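Trainee: Structure provided below as structure tokens; questions to follow.
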Amino acid sequence: MTLPRVVGAEHAVPLIDGRTIAYANLDHAASAPCLTAVRAAVDELLPWYAGVHRGAGFPSRVSTRVYERARTTLRRFVGAPDDAAVVFTRNTTDSMNLLASAVPAGSRVVLFDTEHHAALLPWRDAHRLRTPEVAADAVGVLDRALRERAAALVVLTGASNVTGEVWPVAALAEVAHRHGARVVLDAAQLAPHRPVDAAALGVDYVALSGHKLYAPFGAGALVGPADWLRAAEPYLVGGGATKLVADGFAVTWSDAPARHEAGSPNVVGVHALAAACEALAGSWDAVVAHEEALLERMRTGLAHVPGLRELALFEPGHDRVGVVSFTVDGIDPGLAAAVLSAEHGIGVRDGAFCAHVAVRRLAEGGQAVRASVGLGTAAEHVDRLGRALRLLVARGPRARYEVVDGRWSPVPDPRPLPRFLADGAGPWTMAG
């Protein structure tokens with residue numbers, strides 16, 4: 001089984017010493033590069049692109065078929081039943097906010113407090129549980145909370161976007177269903193790394209993002225039962241969400257999913273998302289083997305960096321996808337990320353990763369560095385990260401760095417912008 005290829009896997013980036021080097025993309029947890037199969041699918045569609053559902057022209061019929069066929073692809077990708085609604089959104093954040101607007105009025109929502117903000121914040125009546133230090137204990141924590149007061153919905157994360165640790169979703173979902181609650185799975189960080197099977201996990205709704213699934217064209221999805229979505233007021237109002245606007249402006253809304261897809265839909269993004277799902281679904285054995293080997297290699301290298309401490313929600317040895325966050329004694333995470341980029345051509349993420357509660361609990365100062373692998377990562381990239389961090393600890397930065405516009409940057413920064421941004425003239429500046 002072959003590994004899906006990504007666009008730009010051999011891309012070179014400039015360093016501040018004037019050299020160029022193959023980019024070590026260790027920021028897949030934020031946004032993954034485009035699969036070559038996705039780019040090919042988009043190129044194939046573009047000559048046929050047109051408005052969907054209401055056009056009489058043949059390209060409109062083609063685009064409509066593409067758009068509606070993608071719903072079937074998404075159901076299969078997440079293991080949802082054939083009658084599950086598939087609402088296309090912008091991303092997981094959009095999907096969670098859509099579901100929050102559809103939860104029946106007066107219903108309680110229960111979740112753990114180390115969630116990504118997309119899952120943590122949208123709910124009207126949310127009871128947030130403190131995440132325990134042992135993953136299995138989360139089952140008892142949830143059970144006690146639901147015994148004390150019923151809830152309509154439990155929000156679960158597949159894999160933490162901070163630590164990569166995989167939550168015991170199936171066991172938690174079983175508890176939720178025993179107490180009569182539905183379950184929504186934030187699969188944004190899990191779906192690019194492992195198969196998601198809603199039926200096997202026992203979850204009702206799945207939310208995911210194309211930009212993390214190697215389809216960075218602005219589409220995501222919410223997949224799950226249609227009844228709440230049919231009963232809710234439209235998430236957005238406008239064309240497509242309306243079945244009839246009568247004299248006097250009395251409105252009859254469309255059924256779900258069109259009810260929540262107002263406006264001209266992102267046909268290209270949806271097609272890209274479906275193409276990515278198809279490519280990954282046919283390659284899971286290779287994808288998982290590739291990432292597990294890289295993760296072990298990266299963690300082994302990081303273990304030899306003096307003063308480096310990995311962040312973890314749960315007990316040592318807990319299962320995780322290819323994400324590692326860490327701090328290094330005496331080095332600001334933002335400075336470390338800037339040095340890795342400017343001096344070594346490595347892309348990582350620094351900060352609190354839209355999960356402020358989790359990072360504040362795990363890292364002194366509430367900031368960390370996150371390195372994440374994916375299909376565009378090579379063994380040399382993770383080896384380079386370990387070497388670069390050891391050099392940084394041993395000798396410090398090789399240039400002068402200052403905080404410019406809120407972020408650490410080499411000063412001056414002579415790295416040239418790509419031609420399409422700068423017409424080949426002038427160095428990069430934060431203000432530019």
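Computed from the coordinates by the stated procedures, all read-outs in this text should not be read as laboratory data. Because the structure is a prediction, the values reported are computed rather than measured. Using ideal geometry, Cβ is built from the backbone for each residue, glycine included, and neighbour counts are taken over all protein chains shown.
Trainee: Please compute the net charge surrounding residue 143, taking Lys and Arg as +1 and Asp and Glu as -1 over other residues with Cβ under 14 Å from its Cβ.
Mentor: That works out to +1.
Trainee: What is the distance in Å between the Cα centroid of region 75-146 and that of region 214-252?
Mentor: For region 75-146 versus region 214-252, the Cα centre distance is 20 Å.
Trainee: Only helical DSSP H runs with n ≥ 4 go in: add -39500 (n - 2.57) per run for the chain, normalise by residue count and round the 222 nm mean residue ellipticity to 500 deg cm²/dmol.
Mentor: -10500 deg cm²/dmol
Trainee: What spacing in nm lies between the two simple spin-label points modelled at residue 179 and residue 107, each 7 Å away from Cα in the Cβ direction?
Mentor: About 1.6 nm separates the two model spin labels.
Trainee: Stretch residue 3-residue 124 to full length: gain in nm at 0.36 nm per residue minus the Cα-Cα span?
Mentor: 39.3 nm
Trainee: In the Gaussian network model of the chain, springs joining C-alpha atoms below 10 Å, which of 255, 137, 247 carries the largest mean-square fluctuation?
Mentor: 247
Trainee: Compute the helix-to-body angle for 169-178: its Cα long axis versus the longest principal axis of the chain, expressed 0 to 90° and rounded to tens.
Mentor: 30
Trainee: Grab the Cα-Cα distance for residue 243 and residue 264, subtract it from 0.36 nm times how many residues apart they are, and report the gain in nm with one decimal.
Mentor: That works out to 6.1 nm of additional length.
Trainee: Related question: Summing +1 for each Lys or Arg and -1 for each Asp or Glu, what net charge is found among the other residues whose Cβ lies under 10 Å from the Cβ of residue 120?
Mentor: Local net charge: -2.
Trainee: Place a point 7 Å from the Cα of residue 31 along the Cα-to-Cβ direction; which residues of region 204-231 have their backbone N under 15 Å from it?
Mentor: Zone members listed by number: 209-220.
Trainee: Can you give the Rg and Dmax of the chain based on its C-alpha atoms, in angstrom?
Mentor: Expressed in Å, the Cα Rg and Dmax of the chain come to 22.7, 75.
Trainee: Against the longest alpha carbon principal axis of the chain, how many degrees, from 0 to 90 and to the nearest 10, is the axis of helix 267-281 turned?
Mentor: 70
Trainee: Once Rh is set to the Kirkwood radius over Cα pairs, what Stokes-Einstein translational diffusion coefficient, in µm²/s, holds for region 314-371 at a temperature of 10 °C and a viscosity of 1.306 mPa s?
Mentor: 131
Trainee: Amide H of residue 350: which non-local residues (sequence gap of 5 or more, or other chain) have their own amide H closer than 5 Å, using H built in the peptide plane?
Mentor: For residue 350, the qualifying residues are 370.
Trainee: If I fit a long axis through the Cα atoms of helix 333-344 and take the longest principal axis of the Cα atoms of the chain, what angle between them do I get, 0 to 90°, rounded to 10?
Mentor: Once rounded, one gets 70 degrees.
Trainee: Can you give the extra length, in nm with one decimal, that the chain gains between residue 231 and residue 134 once fully stretched, where that is 0.36 nm per residue apart less the Cα-Cα distance?
Mentor: That works out to 31.1 nm of additional length.
Trainee: I need the calculated FRET efficiency for the pair residue 315 and residue 147, taking r as the beta carbon distance and R₀ as 22 Å, to the nearest 0.05.
Mentor: So the FRET efficiency works out to roughly 0.30.
Trainee: Grab the other residues whose beta carbon is less than 12 angstrom from that of residue 237, score K and R as +1, D and E as -1, and report the net.
Mentor: Neighbour charge sum, excluding residue 237 itself: -1.
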